[in-house]
Every structure is written in structure tokens, then in C-alpha cells.
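Have a look at the structure below before the remarks.
The values are calculated or read from the model by the stated rules, or taken from the named source; none is laboratory data. Predicted, not measured: the structure shown is a model, and the values here were computed from it. Quick reminder, even Gly has a Cβ in these numbers, built from the backbone with ideal geometry, and neighbours come from all protein chains shown. Each accessible area value is taken on the protein alone, full model and side chains, heavy atoms only, with ligands, DNA and RNA left out. Shrake-Rupley method; radii C 1.70, N 1.55, O 1.52, S 1.80 Å.
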Amino acid sequence: MNNPTYENVHNQFKLNGFHLNREDLCRVAYSFIKEGEDFEKPVGDFLLDWFDSKDYIEMQTSGTTGTPKTISVSKQAMVQSAIATGDFFDLRPGNKALHCLPVKYVAGKMMLVRAMILGFDLEFTAPSSHPLRNNETEFDFVAMVPLQAQNSVTELKKVKKVIIGGAAINKTLEKQLLKLKTEVYETYGMTETITHIAARKLGEKAFTVLPDVTISYDDRNCLVIHAPRISDDVIVTNDIVELVNENQFVFLGRMDNVINSGGIKLIPEQIEQKLANKIHQRFFIASKPDTELGEKVILVVEGPKQDFEATLYDELDKYEKPKEIVFVSKFKDTSTGKIMRKESLK
């Protein structure tokens with residue numbers, strides 16, 4: 001297909017082993033809604049929305065860039081996004097792919113769109129934290145969140161390419177995944193960019209943008225995304241980056257998390273990277289109001305109170321060193337496994 005539109009389904013597309021065209025998919029959608037399992041109902045709803053007469057889909061944003069809200073996304077822009085992903089990762093019609101993400105969110109919707117537009121042989125499974133358990137199939141392409149990847153390290157050898165998104169990959173997981181022959185990428189994107197607009201091959205430092213995307217940054221050093229095929233507007237993010245060139249950037253941290261301590265601006269994510277090999281529980285860097293410094297740096301650790309070695313802060317600069325450690329029994333997470341920093345401290 002030269003110029004696929006959202007009305008087309010690729011003639012090589014298969015769902016759970018069956019070749020299905022548009023009419024078949026609408027029938028499947030009705031049966032999912034009427035008698036499907038819990039995870040199949042949103043799939044049915046999405047398929048009917050995809051094939052209705054409107055040229056857009058309404059989606060919920062995940063809430064990482066602010067309050068979750070409903071936005072309208074053009075179906076043709078979703079098709080363009082699917083094509084860009086296919087080009088970037090060199091995906092082909094007939095590739096065997098696994099769908100293991102909730103269709104309620106953009107990543108789950110886009111995996112279905114990629115399959116229908118690019119002609120994948122798609123196996124569909126309920127979203128779970130162990131998506132490859134008891135599955136002997138060899139896959140060409142799988143998309144996961146970090147928690148799923150963490151629980152699938154031993155089974156990922158059956159997969160050629162994996163993309164991981166929704167939350168950052170920690171250093172420990174990256175080390176485990178680098179030992180595999182599998183090609184693993186961390187993706188960068190948000191609902192507003194219709195999933196990822198860039199990806200970083202594990203082991204590399206910078207993210208590389210997908211075809212037809214260019215980047216710049218604003219006066220806050222935050223990433224600005226120009227993706228005319230996906231969005232008419234320029235997308236201004238709150239992500240602090242270092243631009244390598246017009247196609248590559250290094251993610252430093254989020255503007256919303258920046259701490260101003262004694263006039264020094266600190267990026268928590270940078271401090272967290274330096275501590276990643278020394279703390280084995282989940283943790284993050286935050287701040288508390290301080291009369292002297294304005295804000296003081298604190299270390300927030302998930303789990304019971306414990307003592308750390310005196311060398312814990314050896315790699316940190318003077319201003320980066322936490323003045324206090326706070327223990328929280330359980331962090332609050334978004335649906336994709338991102339720690340909700342402010343909510344976890346309440």
C-alpha cells in the first residue's frame with residue numbers, strides 16, 4: 001500500500017491467527033463488547049471508533065504533563081505515526097507481533113493501528129505484568145512498559161525487537177537487557193505526540209527522532225517537537241534536554257521536578273542516576289521547603305526504614321546531597337508504572 005489511510009486494513013494483517021478485513025474486525029468488535037473478557041471490551045470499543053465515520057479518535061492523556069484530559073487525535077495522524085514507526089524499526093508486513101498493553105491508553109491503541117496498517121501477524125493477550133509467561137512463540141516486535149520488561153528478562157530472548165515506553169528504564173534493568181541478543185529500545189513520547197517520536201537503543205545515550213520529526217528547544221532548555229505529519233501545532237514539552245543535533249537529544253529531566261536550592265537549580269533525575277547503583281529499592285529525589293535554602297534536597301525511598309552506607313553520597317556534588325531521607329511504605333504510580341512524585345509524598 002503506497003498511501004494507507006485509516007479506512008484500509010493491510011491484506012496481510014492477522015489477529016490471533018486469522019486474516020481479518022474491515023468488516024470482519026467490526027464483527028469481532030461487537031462480539032468483544034457483548035461477550036468478551038474485560039480486556040477485550042475496550043478493544044471492541046476502539047475498533048468501532050476506528051471504523052466509524054469520524055476522522056478523529058478521542059483519547060485520555062495519562063496525566064504526566066498535567067491533569068489528565070480528553071484530546072481529539074486525527075486518525076490519519078495515527079496512520080502516519082504507525083508508518084514512521086515501521087520505517088524507523090524496519091518492520092515488515094507479516095512480522096509476528098505481541099499486543100500486551102491496555103487499549104485504554106495511546107500505546108495500546110497504536111499497537112493495534114500499527115498492526116492493521118503495516119500488516120502484522122498480531123497475537124493478542126491480556127495486559128499483565130508477565131506478558132510472555134508460558135508463551136513459546138517467537139516474536140519480531142513487542143511493545144512493553146518497564147515493569148513488563150523487568151518480569152520478562154528471561155523470556156525476551158524469543159523476541160527480536162522490543163520497545164519500552166511509558167516510564168524511564170532504570171540502570172539495573174538496562175544492564176540486564178543489554179546482555180540479551182534482542183534489540184531493545186527505550187521510547188520517548190506522550191499522548192499529544194501519538195506515542196513515541198524518538199527512541200534510544202539501550203547502551204546509547206541519546207534519543208534519535210523518527211522520520212519527519214525535527215526538534216529544537218526553548219529558552220528553558222525544554223524540548224520543542226516539530227512533527228507536521230502528526231500535529232499541526234509545534235509541541236512544547238516540559239522535558240529538559242541537551243540537543244546533540246537536530247535529530248538527537250539527551251533527556252536530562254522534567255522541568256516540573258527542578259529544585260532551586262540556595263539559588264542552584266538541580267535536576268532530580270540527574271542526581272538519581274548517580275545514586276542508581278547504590279540504592280536497591282525504588283527511590284526518587286525531591287525537596288522540602290527550607291528557611292535558609294528555599295528548598296532542601298531530600299531522598300525518598302520506598303519501603304521500611306533502613307541505614308545506608310556512609311559512602312552513599314560520595315559521587316554527588318555539595319549541593320546535590322540530600323539533607324534528609326524520607327521512607328514511604330508504597331509509592332503511588334501511574335498506570336504505566338511511572339512514580340507519581342508529589343502524590344507519593346502526601
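Annotations
- GNM result for the chain, Cα springs below 10 Å: residue of Gly189, Gly263, Gly303 fluctuating most strongly: Gly263
- Convex hull of alpha carbon positions in region 111-233: directionally averaged projected area 8.6 nm².
- For region 1-137, the solvent-accessible area with a 1.4 angstrom probe is 48 square angstrom per residue.
- A Förster radius of 45 Å, combined with the Cβ-Cβ distance separating Glu343 from Thr125, puts the computed FRET efficiency at roughly 0.90.
- Normalised size of region 1-126, defined as Cα radius of gyration per 2.2 N^0.38 Å with N residues, equals 1.01.
- For region 1-40, the carbon plus sulfur part of the accessible surface works out to 45%, probe radius 1.4 Å.
- Loop GluC sites (Glu not before Pro), region 164-225, which have at most 14 other Cβ atoms in a 10 Å radius of their Cβ (DSSP): Glu204
- Projecting the alpha carbon convex hull of the chain along each direction and taking the average yields 18.7 nm².
- 10 Å-binned pair-distance histogram of region 146-300 (Cα, whole percent): 10, 34, 34, 19, 4, 0
- Counting DSSP beta bridges with both ends in the chain, the antiparallel % (nearest 5): 65
- Whole-angstrom gap from region 168-246 to region 93-158, using each part's C-alpha centre: 20
- GNM result for the chain, Cα springs below 10 Å: residue of Pro42, Pro93, Pro228 fluctuating most strongly: Pro228
- For Ile197, the shell of other residues with beta-carbons less than 11 Å away shows a net charge of -1, using +1 for Lys and Arg and -1 for Asp and Glu.
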